[in-house]
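The values are calculated or read from the model by the stated rules, or taken from the named source; none is laboratory data. These numbers come from a predicted model, not from an experiment. Please note: Cβ atoms are built from the backbone with ideal geometry, for glycine as well, and neighbour counts cover all protein chains shown. For accessibility, only protein heavy atoms count, side chains too; no ligands or nucleic acids. Shrake-Rupley method; radii C 1.70, N 1.55, O 1.52, S 1.80 Å.
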Amino acid sequence: MAFQKPPGTQDFLPAATAKWQFVEGKARALCRSYNYREIRTPMFETTDLFKRGVGETTDIVEKEMYTFTDRGDRSITLRPEGTAGVVRAYVENKLYGEPDVGKLYYIGPMFRYERQQAGRYRQFHQFGVEALGSADPAIDAEVIALGLSFFHSIGLEDVRVEINSVGTPSVRAAFREKLLGFLEPMRETLCKDCQSRMDRNPLRVLDCKTDQKHFTDAPSILDSLDEECSTHFEAVKSYLEAMGIGYTINSRLVRGLDYYTHTAFEYKAEGIGAIDTVGGGGRYNGLVGEIGGPDQPGIGFGIGLERAVMLLESKNSGVEGLGRLDVYVVGLGSDAERETVRIVQQLREQGLAADRDYLGRKMKAQMKSADRYEARFTAILGEDELARGEIALKHMQSGEQRVVSLDKLADEIKQSISQ
């Protein structure tokens with residue numbers, strides 16, 4: 001072919017989009033129930049926003065960003081994650097002046113230049129939430145619960161939560177020295193990325209997927225927490241327990257971004273290859289100030305929708321039929337065919353998914369088309385039925401067929417679907 005999609009991207013064909021609409025619809029409904037409001041930010045921002053917000057020593061900034069110079073000689077980056085842009089919008093539009101906690105959510109594409117593997121693409125999609133303006137550990141628990149509820153709402157009951165505290169900058173500075181003392185003797189046995197991280201951000205070494213076997217006896221940051229951090233972490237755990245949410249403490253969970261403080265968490269699942277993380281997040285109490293706003297605390301998560309859809313497919317969840325037609329209308333004879341145009345439009349105005357043939361095919365071919373669209377019913381109109389003001393309604397699964405009044409067709413279909 002002359003043209004193909006770029007590496008690491010996907011075409012979402014009609015057979016797949018029903019699953020995406022299902023997943024996105026569940027996310028939006030859940031956010032309404034938790035009182036989170038949607039925010040939509042640009043798909044590209046100034047590069048410095050991500051350098052300051054995400055951190056210059058992260059893999060995202062060092063290796064993965066799609067960055068270019070625009071015609072105004074400005075350095076622009078396609079967003080690699082959602083939080084920095086949301087916080088920028090929060091500051092720029094002075095949402096911090098509102099009296100309530102800023103509870104926001106987003107759904108949209110992100111971009112990272114990284115190695116392709118199961119569930120990981122260079123253009124991918126995230127569902128994320130951000131709660132800005134509160135340091136209450138109860139909102140940490142709420143955010144964690146919202147993400148877990150999302151997975152449960154789409155039928156993924158096996159997703160589990162791992163949590164940790166990454167402390168404050170001063171706590172991490174003290175822990176850094178302990179960790180370096182542990183890592184230095186094994187420097188030459190670690191991968192090149194770990195060796196580089198040891199000099200710049202040794203906590204990131206614990207996030208390495210290659211060298212985990214070396215870190216079994218690594219010091220735990222939980223042993224270095226001060227009273228403030230310990231109190232906050234204990235409160236988060238107690239709130240999760242009060243909500244009936246199970247969790248596992250993972251003291252090596254540090255996440256891949258520099259802005260996290262206090263609570264960090266990840267959602268884990270089996271069935272998507274070597275990588276089992278399907279989402280995660282944490283608290284970022286210094287990020288609003290770093291981006292130029294007042295000193296406001298925040299917490300949020302990002303969930304990869306590609307991985308959520310892959311999990312659904314692996315479990316044969318049955319969402320494939322969500323895009324099916326309610327009724328396919330067949331006309332037999334020229335007058336009946338003309339009448340099906342009016343009937344189909346009327347059914348659509350009644351809220352039903354309806355279609356008809358536009359290729360002049362015989363009845364047998366039209367019935368095959370109804371099967372391909374997984375229509376619940378076919379409505380078959382002949383010249384005699386038209387003269388009587390009636391139409392034959394066939395239930396495609398059972399094969400049952402009955403004659404109904406044309407002016408009652410929509411009501412008959414809706415009643416049958418509801419039953």
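Among Ile139, Ile154, Ile76, Ile163, which is the only one that is farther than 24 Å from Arg28 by Cα, surrounded by 17 or more Cβ atoms within 10 Å (Cβ to Cβ) and among the aliphatic types (A, V, I, L, M)? Give the derivation first.
Values: Ile139 fails: farther than 24 Å from Arg28 by Cα; Ile154 fails: farther than 24 Å from Arg28 by Cα; Ile76 fails: surrounded by 17 or more Cβ atoms within 10 Å (Cβ to Cβ).
The match here is Ile163.
When residues of the range 144-182 are filtered for being more than 16 Å from Leu206 (Cα to Cα), among the polar types (S, T, N, Q) and out of contact with any Cys (no Cβ under 7 Å at 6 or more places or on another chain), how many remain?
Number satisfying all stated conditions: 3.
For residues in the range 357-388 being in contact (Cβ under 8 Å) with a residue 12 or more places away in the chain, open to solvent by 10 Å² or more (accessible area, probe 1.4 Å) and within 35 Å of the chain's Cα centre (by Cα), which is nearest to Asp411 (Cα to Cα)?
Here the answer is Arg376.
Tell me, yes or no, whether the range 106-118 has at least one residue that is open to solvent by 40 Å² or more (accessible area, probe 1.4 Å) and under 21 Å from Gly293 (Cα atoms). Talk me through it step by step, then tell me what you get.
Here is the first cut: in the range 106-118, the residues open to solvent by 40 Å² or more (accessible area, probe 1.4 Å) are 112-113, 115-118.
Filter once more, keeping what is under 21 Å from Gly293 (Cα atoms): none.
No, the range 106-118 contains no residue that is open to solvent by 40 Å² or more (accessible area, probe 1.4 Å) and under 21 Å from Gly293 (Cα atoms).
Looking at (1) more than 27 Å from Pro297 (Cβ to Cβ); (2) open to solvent by 30 Å² or more (accessible area, probe 1.4 Å), which one does Glu64 not meet, given that it meets all the others?
Checking Glu64 against (1) more than 27 Å from Pro297 (Cβ to Cβ); (2) open to solvent by 30 Å² or more (accessible area, probe 1.4 Å), the one that fails is (2).
Would you mind telling me which numbered condition in (1) of a type in the set (Asp, Glu); (2) within 20 Å of Asn285 (Cα to Cα); (3) at pLDDT below 95 Glu142 fails?
Status for Glu142: all satisfied but (3).
Just the residues that are of a type in the set (Asp, Glu) and open to solvent by less than 30 Å² (accessible area, probe 1.4 Å), please, taken from the range 32-57.
If the condition is that a residue be of a type in the set (Asp, Glu) and open to solvent by less than 30 Å² (accessible area, probe 1.4 Å), then Glu45 is the only one that fits.
From the list Ala29, Ala15, Ala2, pick out the single residue that is aliphatic (A, V, I, L, M), modelled with pLDDT of 90 or more and exposed (fewer than 14 other Cβ atoms within 10 Å of the Cβ). Please lay out each step first, then the result.
Working: Ala15 fails: modelled with pLDDT of 90 or more; Ala2 fails: modelled with pLDDT of 90 or more.
The match here is Ala29.
Limited to the range 166-183, what total is found for residues that are within 32 Å of the chain's Cα centre (by Cα) and basic (Lys, Arg)?
Counting residues in the range 166-183 that are within 32 Å of the chain's Cα centre (by Cα) and basic (Lys, Arg) gives 1.
Does Gly147 meet the test of being touching a residue at least 12 places away in the same chain (Cβ under 8 Å), within 22 Å of Thr9 (Cβ to Cβ), open to solvent by less than 20 Å² (accessible area, probe 1.4 Å) and within 20 Å of the chain's Cα centre (by Cα)?
On the way: touching a residue at least 12 places away in the same chain (Cβ under 8 Å): yes; within 22 Å of Thr9 (Cβ to Cβ): no; open to solvent by less than 20 Å² (accessible area, probe 1.4 Å): yes; within 20 Å of the chain's Cα centre (by Cα): yes.
So Gly147 fails the test.
Quick one: in the range 332-343, of everything that is crowded, with 19+ Cβ neighbours inside 10 Å and among the β-branched types (Val, Ile, Thr), which residue is nearest to Ser416 (Cα to Cα)?
Ile343
Quick one: in the range 79-98, which of the residues that are basic (Lys, Arg) and over 27 Å from Pro6 (Cα atoms) is surrounded by the fewest Cβ atoms within 10 Å (Cβ to Cβ)? First the steps, then the outcome.
Within the range 79-98, the subset basic (Lys, Arg) is 79, 88, 94.
Restricting the remaining residues to those that are over 27 Å from Pro6 (Cα atoms) gives 88, 94.
Details: Arg88: 23, Lys94: 10.
Step by step, filter the range 79-98, then rank; the result is Lys94.
Residue by residue through the range 207-229, note down the ones that are in a helix (DSSP H, G or I) and in contact with a strand residue (DSSP E or B) (Cβ under 8 Å, 6 or more places away or on another chain).
Initial filter on the range 207-229 (in a helix (DSSP H, G or I)): 207, 212-215, 221-224, 227-229.
The answer is Ile221, Leu222, Cys229.
Does the range 273-281 include one or more residues that are more than 21 Å from the chain's Cα centre (by Cα) and modelled with pLDDT under 95?
Looking through the range 273-281, none of the residues is more than 21 Å from the chain's Cα centre (by Cα) and modelled with pLDDT under 95.
Taking the range 232-258, which residues are surrounded by 12 or more Cβ atoms within 10 Å (Cβ to Cβ) and in a helix (DSSP H, G or I)?
Result: His232, Phe233, Glu234, Ala235, Val236, Lys237, Ser238, Tyr239, Leu240, Glu241.
Report yes if Arg176 is farther than 29 Å from Arg40 by Cβ, part of a loop (DSSP other than H, G, I, E, B), open to solvent by 60 Å² or more (accessible area, probe 1.4 Å) and among the charged types (D, E, K, R), otherwise no. Quick ask: steps written out before the conclusion?
Working: farther than 29 Å from Arg40 by Cβ: yes; part of a loop (DSSP other than H, G, I, E, B): no; open to solvent by 60 Å² or more (accessible area, probe 1.4 Å): yes; among the charged types (D, E, K, R): yes.
So Arg176 does not fit the description; no.
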